[in-house]
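See structure below.
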Amino acid sequence: MTTVTDQFLPPQKPSEAVSGVTVRLAGDSGDGMQLLGTQLTNTSALAGNDVATFPDFPAEIRAPVGTRAGVSGFQVQFSAEQIFTPGDGVDALVVMNPAALVTNIGDLKKSGILIINSDSFGPKDLKLAKLDTNPLEDGTIEPYRSIKVSMSKMTLAAVEETGLSTKFAGRCKNFFAMGLVFWLYGRDVEPTLRFIEKKFSKKPEVAEANRRALKAGWNYGETTEDFASTYQVPKAELTPGTYRNVMGNQALAWGLVAASKLSKKELFLGSYPITPASDILHELSKHKNFGVRTFQAEDEIAAICSAIGAAFGGAMALTTSSGPGIALKGEGLGLALMLELPMLIVDVQRGGPSTGLPTKTEQSDLMMMMYGRNGESPLPIIAARSPSDCFMTAIEAWRVAVKFMTPVIIMSDGYIANGAEPWRIPDVSELPEIKVTHPAGAVEGEEFLPYSRNEDLARPWAVPGTPGLMHRVGGLEKQDGTGNVSYDPDNHQKMVQTRAEKVARVADFVDPIEVEGSDSGTLLISWGGTYGACHTAMKQAVAEGVSVGHVHCRWVSPFPANLGDVIAKYDRVLVAELNSGQLLTLLKSTYLVDAKGLNKVKGKPFQVSEVVDALKAISK
Amino acid sequence: MNAELPVLKAADFASDQDVRWCPGCGDYSILAQMKKVLAQTGASQENTVFISGIGCSSRFPYYMNTYGMHSIHGRAPAFASGLKSTRPELDVWVITGDGDALSIGGNHFMHIIRRNMDVNIVLFNNAIYGLTKGQYSPTSKQGAVTKSTPRGSIDFPLNPLSIAIAAEATFVARSIDTNIKHLVKTLTRASEHKGTSLIEVYQNCNIFNDGIWDYAKGKDTKDKSTVVLEHGQPLVFDGGSKGIRLNGFAPEIVDVVDDDHEGLLVHDEKSPSNQLAFLLSRMRHPEFPEPIGVFRAVERATYDDQINDQVDDARAEQQEGDLTKLFNSGDTWTVE
Ligand code: SF4
């Protein structure tokens, strides 16, 4: 059996330079679209493009084959310019079956290319997609430049020599599609060949079949008359440095590991599996050589409680979850704030309420994180704005947690958790040091007061094992100073106010909010994972002559110290968020501002155009 | 035990807080015996941690001059698990009750036991909710008339020891609040056990459920209604006049004549199978004498040892984690 590794000839057809392209790959869950998307992302990033991705997959692990419910998509934008979103309209859509075609075609630009696996449009396939007519024939695809490719058959022919059964050979068709897309955009196949080599090292025949399919797809582009040219996306101008691709959950996990190193604290994660947060647990469990201990608890409650136990013992403790799990952790969160122990609570939001839309994105947990606990129980809340931003978000959250001796909530969402973008690898020596102190022992002649406070209102973190500092903590109200149980009315009021004041003071420690764009006219306010769409929309609106400024709340509790002053400078305020107006409500009640909301709850991120349209409408 | 350290007395383990249980409550005795046991076993104040949930018994940590956490209802095992996983050198005790451990905290109770986390769990069983003023609990008998069951409880009661044994417990024991000597002995055994130890203590709530354990405590009744377990010894009770033997898979009571113990069931707390321990846990008053003592004491790797071993192994095999190396793993590219 000869191998084909070295036979990818560079495209001979003329190539057209474009500044950026948005490609969406859609097929059945079992078709390997996520893999295809990841490979395209990596090779584009390695080619020096800026990239942003949006994987979109069903909650069911194996939804019925060929059905609309089973369609899995992956969108990637790669560009010669700095980009912040995976793109609005799709330039090239690859569909592997009828269900994928009808559920995705709406997002294809009129000028877009539609690449179709024409072998999967038989009567059975149409029936599975609940179609009465064949979209290849009924006019559905007419407005687009569609290219029908007999992918399944050509893949089988290409891998025939490897001796794989038809069933396994058929599975290589995503690599055929990959070859074709790679050819179309002049992408380097080397990283994918390396990937195949590594992934299938134990199954050389499968590796070889995939290589052949990739090659067949590539060659098809060169030989078919359907494509007159290829497209070239030049390198993006990015800040000099060494880059890699990161996904949000991975960047968050690495940020946590970094924070543990920077604070010389070993990390303990108590977690219960939940979509879309589980990848943080998976990633952290790999890094035991950093002193990371992961505890897969029996439930969400045990997950947070184990983390509180570890925090009591002096570890860098955290718990990770998503909406439904966070709802269960409410009582534990209340105790953590009563104990005034530093720890992190990560909420990777998904569509709600209840089980909601596990694999879709939303920002609808904000009010729960703000107020979803009994009693007066404010906590600092920081929200990551993009996949790579998760890294510094984790570090900043832990800095605040230990400085103020408080649990800190980190909010992410499904969109940034699973999305990927290039990340400039930081120089470790430039990362901030995180100072943590524990009292070393009893001071002669002084009573130890576990609830005494320093200038940040932080109490001492005295850990078990320290002689002379034995003390008891608990959920009953504390007497100021001693921490003993107290039912005294004035003491309770004082403690409630002190805990709130401590959270409020975080605003003076963290960076003030920065305005991007115009300093008068309309102010666009966003938080969390919608940064990219909002930032891009602001730039577009400004370019079109609309006076728009943009601020993005990294800390949503407390609000940045200068936010009120910034708001006062604008005539109109638009708050864009993927919920029914939660930040809007908070801003209105805090600043008495007549702000308007741009709200969307479709389980999908904002399109840039939606935000631009709203900005234009409000600015009229 | 370190000979150079000053020897602590039971009183040294008392905190400065006033004990606030009802006068006459069985909790007082358990508190007193616990302090005694810590002193006798050479425990240190700073390396001992008491973690409790919610309920009368869960006020316990406030009264101990050690580290402590009065946590939330039912979850004490979870807090203890996080603490012990990161600080395996600490002596961690969980104080819980029948409602706390078996109702709201049933899940955590089962899981800490199957993981064999090296903590000692003392379950104060008074078969009632005391702190909330007298509702029936998961160990209340059917028919129990309480504030929430005026026509009698219809819930079938749980047996804490059977649950623990089914959850693969490595140490299971039962004692009685007023049986001071036995309680001290049992707590001592538990503290010496490596792995999760569960001690069920029959505790009298003289306010809401007074006297439910009288049969096991009363001078005239206790010999007839309890059988003291001793490893390697036959099960005899009632002043040596009665014994337990197996009839097929079922225990039965037989008369013992002339100290002839031939054919009697011999206790084996180290039996690799948990069947004997389970069978003993099913012996309930009034059909049988209820076993008192150590039902099961076997060895199995603890969770806290293993989670720390994995970290040590990873460090030995992969070297201490290096951030720069981690960030640069996989494909990277340089922008000039
Ligand atoms: S209510 Fe019962 S258990 Fe609670 S302190 Fe009083 S006597 Fe003890």
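Taken together, the values in this text are just the output of simple stated rules run on the coordinates, not laboratory data. Not measured: the values here are computed from a predicted model. Here the Cβ positions follow ideal geometry from the backbone for every residue, glycine too, while neighbour counts run over all protein chains shown.
Where in region A:59-96 does the amide nitrogen come within less than 16 Å of the point 7 Å from the Cα of A:Asp138, taken along Cα to Cβ?
Only A:67-68 fall inside the zone, counting backbone N under 16 Å.
Using only the alpha-carbon atoms of region B:19-176, report the extent along each of the three principal axes, biggest first, to the nearest angstrom.
49, 36, 26
Mind pulling the angle between the C-alpha long axis of helix A:300-312 and the longest principal axis of chain A? Nearest 10 degrees, somewhere in 0 to 90.
That helix lies at roughly 50 degrees to the long axis.
In the calculated pair distance distribution of region B:197-272, what percentage of Cα-Cα distances lie above 14 Å?
Beyond 14 Å sits 68 percent of the P(r) for region B:197-272.
Would you mind ranking B:Val201, A:Val601 so that the residue whose beta carbon has the fewest other beta carbons within 10 Å leads the list?
In order of increasing Cβ crowding within 10 Å: A:Val601, B:Val201.
Past the 20 Å Cα-Cα mark, which pairs from A:Lys288/B:Lys325; A:Lys127/A:Lys360; A:Lys329/A:Lys478; A:Lys199/A:Lys604; B:Lys36/B:Lys270; B:Lys35/B:Lys222?
A:Lys127/A:Lys360; A:Lys329/A:Lys478; A:Lys199/A:Lys604; B:Lys36/B:Lys270; B:Lys35/B:Lys222
Taking H placed 1.01 Å from N in the peptide plane, check which residues at least 5 places from A:Leu524 or on another chain put their amide H under 5 Å from its amide H.
Amide H to amide H, under 5 Å and 5 or more residues apart or across chains, A:Leu524 pairs with A:Gly549, A:His550, A:Val551, A:Leu574.
State, to one decimal in nm², a quarter of the convex hull surface area for the C-alpha atoms of region A:332-430, i.e. the direction-averaged projected area.
7.1 nm²
So which trypsin sites (Lys or Arg not before Pro) in region A:101-155 pass both tests, a DSSP loop state and at most 15 other Cβ atoms within 10 Å of the Cβ?
Within region A:101-155, the qualifying trypsin sites (Lys or Arg not before Pro) (loop, at most 15 other Cβ atoms within 10 Å) are A:Lys130.
Pop out the ³J(HN,Hα) list for region A:45-54 in order, Karplus 6.51 cos²θ - 1.76 cosθ + 1.60 with θ = phi - 60°, rounded to Hz; leave Gly and Pro as x.
Once rounded to whole Hz, the list reads 5, 5, 6, x, 7, 7, 9, 8, 10, 9.
Hey, can you grab everything whose amide H is under 5 Å from the amide H of A:Ile113? Only 5+ residues off in sequence or another chain; H modelled, so Pro and N-termini drop out.
Those lying under 5 Å, H to H, from A:Ile113 are A:Ala92, A:Leu93.
D for region A:244-430, whole µm²/s, Stokes-Einstein with Kirkwood Rh over alpha-carbon pairs at 37 °C and 0.692 mPa s: what number?
Taking Rh from Cα pairs, D becomes 207 µm²/s.
Please compute, for the alpha-carbon atoms of region A:516-618, the extent along each of the three principal axes and give them in descending order in Å.
32, 31, 21 Å, listed from the longest principal axis down.
Can you check how the C-alpha radius of gyration of region B:1-93 compares to 2.2 N^0.38 Å, as a plain ratio?
1.10
If you wrap a convex hull around the Cα atoms of region A:15-232, how much volume per residue is inside, in Å³?
Here the figure is 117 Å³ per residue.
Among the listed pairs B:Lys181/B:Lys217; A:Lys13/A:Lys110; A:Lys124/A:Lys167; A:Lys13/A:Lys173; A:Lys264/A:Lys403; A:Lys264/A:Lys502, give every one whose C-alpha distance is greater than 22 Å.
From B:Lys181/B:Lys217; A:Lys13/A:Lys110; A:Lys124/A:Lys167; A:Lys13/A:Lys173; A:Lys264/A:Lys403; A:Lys264/A:Lys502, over 22 Å: A:Lys13/A:Lys110; A:Lys13/A:Lys173; A:Lys264/A:Lys502.
In the protein assembly as shown, what % of DSSP beta bridges are antiparallel (nearest 5)?
Within the protein assembly as shown, antiparallel bridges account for around 35 percent of the total.
Return the aspartates and glutamates within reach of A:Lys215: Cα separation strictly under 17 angstrom, same-chain partners fewer than 8 residues apart disregarded; answer none if there are no such residues.
A:Asp6, A:Glu160, A:Glu161, A:Asp188, A:Glu190, A:Glu197, A:Glu205
Within region A:210-248, which GluC sites (Glu not before Pro) sit in a loop by DSSP and count at most 15 neighbouring Cβ atoms inside 10 Å?
Of the GluC sites (Glu not before Pro), the ones in loops of region A:210-248 whose Cβ has at most 15 other Cβ atoms within 10 Å are A:Glu225, A:Glu237.
Add -39500 (n - 2.57) for each DSSP H run of 4 or more in chain B, then divide by its residues: what number comes out at 222 nm, to the nearest 500 deg cm²/dmol?
-7500 deg cm²/dmol
Output wanted: per-residue J couplings in Hz (rounded whole) for region B:148-153, from phi through Karplus 6.51 cos²θ - 1.76 cosθ + 1.60, θ = phi - 60°, x for Gly and Pro.
9, 9, x, 9, x, 6
Measure out, as a whole number of angstrom, how far apart the alpha-carbon centroids of region A:406-443 and region B:1-62 sit.
About 39 Å separates the Cα centre of region A:406-443 from the one of region B:1-62.
Check the straight Cα-Cα distances from B:Lys141 and name the aspartates and glutamates below 12 Å, setting aside those fewer than 8 residues away within the same chain.
Here the aspartates and glutamates satisfying the reach criterion relative to B:Lys141 are B:Asp155.
Check which residues have an amide H placed less than 5 Å from A:Gly597's amide H, if you skip close sequence neighbours.
A:Val575
What three numbers, in Å, describe the spread of the alpha carbons of region A:417-527 along their principal axes, ordered from the longest?
That works out to 58, 39, 29 Å along the principal axes.
Could you state the orientation-averaged shadow area of the convex hull built on the Cα atoms of the protein assembly as shown, in nm² to one decimal?
47.7 nm²
Across region A:589-601, in residue order, what do the Karplus-derived ³J(HN,Hα) couplings come to in whole Hz, using 6.51 cos²θ - 1.76 cosθ + 1.60 with θ = phi - 60° and x for Gly and Pro?
Karplus-based 3J(HN,Hα) across region A:589-601 equals 6, 7, 10, 6, 9, 8, 7, 10, x, 10, 10, 8, 9 Hz.
Please give the FRET efficiency for B:Ala11 paired with B:Asp214, using the beta carbon to beta carbon distance and R0 = 35 Å, rounded to the nearest 0.05.
The formula returns an efficiency of 0.70 here.
Between the helical axis of A:190-199 and the dominant principal axis of chain A, each derived from Cα atoms, what acute angle in degrees is found, rounded to the nearest 10?
70 degrees
Within 10 Å of each candidate Cβ there may be at most 15 other Cβ atoms; applying that plus a DSSP loop requirement, which GluC sites (Glu not before Pro) in region A:288-394 survive?
Loop-located and lightly packed - A:Glu376.
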